[in-house]
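Structure first, then comments.
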Amino acid sequence: MDSLLHLRRVIEEEASAIKSLLEQIDPSYEDALKMIAECKGKVVITGVGKSGHVGKKIAASLSSTGTPSFFVHSTEGVHGDLGMISETDVVILISNSGETKEVLSLLPSLKKIGTKCISITSKRSSTLAQSSDVALTYQYEQEADLLGLAPTTSSTITLVIGDALAIALSTMKNFTKEDFHLYHPGGSLGQQLSKPKKS
């Protein structure tokens, strides 16, 4: 019974944080959408740890909904993978604290390359937020684990922000089922979209 209580508590904690995110949406989100929509290259997502895992999912969601994107691990970035990034790209840097050393180490090179940078972080006053062209910031009361340490609530919020950006962009681009099928021909979704339309 205690285990079920813990499950419900975590779900309630994260659901509450997502709901409060609605009140935190400000003009910076519109700026980010415009920057990405006008991007002539690709959207590059970067982060480390749990932020990196979430970043991979965001990149995949953007790509499958009409916004070409790929993930670069921040550590690999400073060891040569920055060569995949050009001045026509937009880079989204993810760090809950906004002070993640590996993420911050990318900034000097990204500035020289000439890319636009969007950060996703919980700290508006952080080095990352202050160094970005657009900072998407969020607040939350606590992580959902009993120690208040494991990235849970924060990573869920970041994932939701990524989903929101991807779907808003696909809507702006008039992304259709046919477009989705082009990028997603496999699996049950591909099979579903392959079925002829009923007359």
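The values are calculated or read from the model by the stated rules, or taken from the named source; none is laboratory data. Every value quoted in this text rests on a predicted model; they were computed, and no experiment measured them. Every residue, glycine as well, gets a Cβ built from its backbone with ideal geometry; the counts of neighbours run over all protein chains shown. Only protein heavy atoms, including side chains, enter the accessible area calculation; ligands, DNA and RNA are left aside. Shrake-Rupley method; radii C 1.70, N 1.55, O 1.52, S 1.80 Å.
Averaging Cα coordinates gives a centre for the stretch 82-106 and one for the stretch 1-64; these two points are 16 Å apart. What a 1.4 Å probe finds exposed on the chain is 57% carbon and sulfur by accessible area, rounded to a whole percent. Computed from backbone phi, the HN-Hα couplings of the stretch 10-25 come to 5, 4, 5, 4, 6, 5, 5, 5, 5, 4, 5, 4, 4, 7, 9, 5 Hz, rounded to whole numbers (Karplus: 6.51 cos²θ - 1.76 cosθ + 1.60, θ = phi - 60°; Gly and Pro given as x). Counting Cα-Cα pairs of the chain in 5 Å increments starting at 0 gives whole-percent bin shares of 1, 7, 15, 18, 18, 14, 11, 8, 4, 2, 1, 0.
Skip the ligands, DNA and RNA, and give the accessible area per residue of the stretch 64-199 with a 1.4 Å probe, whole Å². Present the calculation step by step, with values, prior to reporting the outcome.
On the way: 7490 Å² over 136 residues.
Per-residue value: 55 Å².
Summarised as an ellipsoid, the stretch 66-161 has semi-axes of 25, 13, 13 Å, derived from the eigenvalues of the Cα gyration tensor scaled by 5 and square-rooted, with the largest first.
In deg cm²/dmol and to the nearest 500, what is the mean residue ellipticity at 222 nm of the chain if only DSSP H runs of at least 4 residues count, each as -39500 (n - 2.57), divided by the residue total? Kindly include the intermediate steps, with their values, before the conclusion.
On the way: 10 runs with 102 residues, N = 199.
Computed mean residue ellipticity for the chain: -15000 deg cm²/dmol.
Of all the C-alpha pairs in the stretch 7-80, what % are more than 21 Å from each other? Write out the running numbers ahead of the final one.
Details: 1269 of 2701 pairs.
It works out to 47 percent of all Cα pairs.
Can you compute the FRET efficiency between Asp145 and Glu23 using 1/(1 + (r/R0)^6), with r the Cβ-Cβ distance and R0 = 25 Å? Round to the nearest 0.05.
On the way: r = 24 Å, r/R0 = 0.98.
Efficiency at R0 = 25 Å is approximately 0.55.
Remark: the Cα gyration tensor places the stretch 47-121 in the oblate category, a/c being 1.5 or greater and a/b not exceeding b/c.
Tell me, what is the FRET efficiency for Val78 and Lys57 to the nearest 0.05, using R0 = 25 angstrom and their Cβ-Cβ distance as r? FRET efficiency, Val78 to Lys57: 0.65.
Of Lys111/Lys177; Lys123/Lys177; Lys111/Lys173; Lys112/Lys177, which pairs sit farther than 32 Å apart, going by alpha carbon to alpha carbon? It would help to have the intermediate numbers written out before the result.
Details: Lys111/Lys177 37 Å; Lys123/Lys177 38 Å; Lys111/Lys173 28 Å; Lys112/Lys177 39 Å.
From Lys111/Lys177; Lys123/Lys177; Lys111/Lys173; Lys112/Lys177, over 32 Å: Lys111/Lys177; Lys123/Lys177; Lys112/Lys177.
Sequence gap at least 6, Cα distance under 8 Å: using those rules, report the relative contact order of the chain to the nearest whole percent. Relative contact order, the chain: 23 percent.
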